[in-house]
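What follows is a single structure, written as structure tokens, with notes after it.
Quick note: the coordinates plus some simple rules give every number you see, no bench work behind them. Not measured: the values here are computed from a predicted model. Backbone-built Cβ (ideal geometry, glycine too); neighbour counts: all protein chains shown.
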């Protein structure tokens, strides 16, 4: 069976810098851990931990998103892709002014799939070549 996507480990959203909308401050985000939340907080989710300027921030992706994506596409969400989805969400939250205050963000199935689509689109775009 072929992998769903060829993703370079933590290609874009595992370690990134983004400008917070309100403070205009550059915020450094780095992926730290992925934990199945059933074991840790009895939730039907995968928790992805980032350090955001040294502070812990969790992004919870609901397990039913894995099932829905498989049903829609026949492909699986890998651990690496889950990190990319969570990182994309975190970057978007910080840029839009939703970030820097919450320790835990819980996404819906549709939010998860929307960010997944954005990540997949970004990874399929050809790299810009300097002239």
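Numbers at a glance
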quantity	calculated
Which of 72, 41 has the fewest Cβ neighbours within 10 Å, and the rest in rising order	72, 41
Listed peptides 104-113, 18-27 by packing density, highest first (mean Cβ within 10 Å)	104-113, 18-27
Alpha-carbon gyration tensor eigenvalues x 5, square-rooted, for segment 15-124, Å	23, 16, 11
Ascending count of other beta-carbon atoms within 10 Å, so fewest first, for 102, 29	102, 29
Cα centroid separation, segment 86-125 to segment 61-78 (Å)	16 Å
